[in-house]
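Below is one structure; the comments refer to it alone.
The values are calculated or read from the model by the stated rules, or taken from the named source; none is laboratory data. All values derive from a computational prediction rather than experimental measurement. FYI the Cβ positions are ideal-geometry reconstructions off the backbone, even for glycines, and counts take in every protein chain you see. Please note that ligands, DNA and RNA were not included when accessible areas were found on the heavy atoms of the full protein model with its side chains. Shrake-Rupley method; radii C 1.70, N 1.55, O 1.52, S 1.80 Å.
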Amino acid sequence: MSYPDQVYFGEGGEVSAQFRPANTPIDTGEPDNGIHYLATTETTRGEFGLYRVLMKPHAGGPATHFHRRISESFFILGGTVRLFNGDKWVEAEEGDFLHVPQGGLHAFRNDSDAPADMLLLFTPGAPREEYFEQIAHITAEERTAFLDKHDSYFPNQL
């Protein structure tokens, strides 16, 4: 393993950091059940996408799925999130972490009586915002093309 190719070729550095205060409003969904776009693939130049997911009690989650082009990682900030690691469901709590490489079956859900809060990391970056904003509103006719566009494959629906 080695460092990636050089991206910045300047000599003195530059002012380019992006600060996002904790009180920034949620980007999609509702305050107790939605997603904060912390670092999108656009802001990271395609390196990664980082999202904070807030889940109300019994919010459920996506069915078992996999990605062909991106990995997905989960870090639990608070509450209990059920994570499917491709083999079994685990009760993940604050500080727990799960990394799922490309092709790895996974799912997540909040089945508890309390809210949950976690970070989702996608690498390399992918424009997941459209997925988060529209998945609940697509029609059955649009579903296959939409999921393929967003690198999301559900084995029980293939």
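Report, ordered by the first and then the second residue, all pairs with beta carbons closer than 6 Å, sequence separation of six or more or different chains, a first member in the stretch 33-44 that is closer than 14 Å to Tyr131 by Cβ, and a second member that is among the small types (Gly, Ala, Ser).
Note: pairs meeting the criteria are Ile35/Gly29; Thr40/Gly49; Thr41/Gly49; Thr41/Gly125; Thr41/Ala126.
When the stretch 134-158 is examined, which residues are found to be among the aliphatic types (A, V, I, L, M), open to solvent by 60 Å² or more (accessible area, probe 1.4 Å) and under 16 Å from the mean Cα position of the chain (by Cα)?
Within the stretch 134-158, Ala136 is the sole residue that qualifies.
State whether the residues of the stretch 99-107 include one that is touching a residue at least 60 places away in the same chain (Cβ under 8 Å) and surrounded by 14 or more Cβ atoms within 10 Å (Cβ to Cβ).
no
For the stretch 14-33, give me the residue count where each residue is of a type in the set (D, E, K, R) and open to solvent by 100 Å² or more (accessible area, probe 1.4 Å).
So the first thing to find is which residues in the stretch 14-33 are of a type in the set (D, E, K, R), and the list is 14, 20, 27, 30, 32.
Narrowing further to those that are open to solvent by 100 Å² or more (accessible area, probe 1.4 Å): 14, 30.
Qualifying residue count for the region: 2.
Tell me which strands (runs of 3 or more DSSP E) are completely within the stretch 1-113 and hold 2 or more residues being modelled with pLDDT of 95 or more, out of contact with any helix residue (DSSP H, G or I) (no Cβ under 9 Å at 6 or more places or on another chain) and farther than 17 Å from Ser152 by Cα, or say none if there are none.
Those strands (runs of 3 or more DSSP E) span 33-39, 49-55, 71-78, 80-84, 89-93, 97-100.
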